[in-house]
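Undergrad: Here you go, one structure.
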Amino acid sequence: MILTWVYWAITVFVIVLVVRSLYREKSLREQFVAAMVLVPLLLRVLFIK
């Protein structure tokens, strides 16, 4: 049970980093890549596999 919450916390931390990168990036291509990375991470945080 605790391992699940640790995994969830790490995933939330990575989401914060990706969102920060998404808004800081000027290249539209890099923003698109960050958005594509964000989708599976959000599904993981919502416990949807």
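The values are calculated or read from the model by the stated rules, or taken from the named source; none is laboratory data. It should be emphasised that the depicted structure is a prediction, and the values quoted were computed from it without experimental measurement. As a convention, Cβ positions derive from the backbone with ideal geometry for all residues, glycine included, and neighbour counts pool all protein chains shown.
Undergrad: Considering each of Val18, Val6, Val12 in turn, give the residue that is exposed (fewer than 11 other Cβ atoms within 10 Å of the Cβ), modelled with pLDDT of 95 or more and either touching a strand residue (DSSP E or B) at 6+ places or on another chain (Cβ under 9 Å) or on the phi < 0 side of the Ramachandran plot (or both). Explain how you work it out, then say what you get.
TA: Values: Val18 fails: exposed (fewer than 11 other Cβ atoms within 10 Å of the Cβ); Val12 fails: exposed (fewer than 11 other Cβ atoms within 10 Å of the Cβ).
Matching residue, one of Val18, Val6, Val12: Val6.
Undergrad: I've got another one for you. Just give me the residues in region 33-49 being out of contact with any Ser or Thr (no Cβ under 7 Å at 6 or more places or on another chain) and part of a helix (DSSP H, G or I), in sequence order. Even if it seems obvious, please write down each step before you answer.
TA: Residues of region 33-49 out of contact with any Ser or Thr (no Cβ under 7 Å at 6 or more places or on another chain): 33, 35-40, 42-43, 46-49.
Scanning region 33-49 gives Val33, Ala35, Met36, Val37, Leu38, Val39, Pro40, Leu42, Leu43.
Undergrad: If you don't mind, another one. What about Thr11, is it β-branched (Val, Ile, Thr) and in contact with a Lys or Arg (Cβ under 8 Å, 6 or more places away or on another chain)? Write out each step before concluding.
TA: Numbers: β-branched (Val, Ile, Thr): yes; in contact with a Lys or Arg (Cβ under 8 Å, 6 or more places away or on another chain): yes.
Here the answer is yes, as Thr11 does meet what is asked.
Undergrad: Further question: If you go through region 21-32, how many residues are surrounded by 12 or more Cβ atoms within 10 Å (Cβ to Cβ), assigned to a helix (DSSP H, G or I) and of a type in the set (D, E, K, R)?
TA: Summing the residues that are surrounded by 12 or more Cβ atoms within 10 Å (Cβ to Cβ), assigned to a helix (DSSP H, G or I) and of a type in the set (D, E, K, R) in region 21-32 gives 1.
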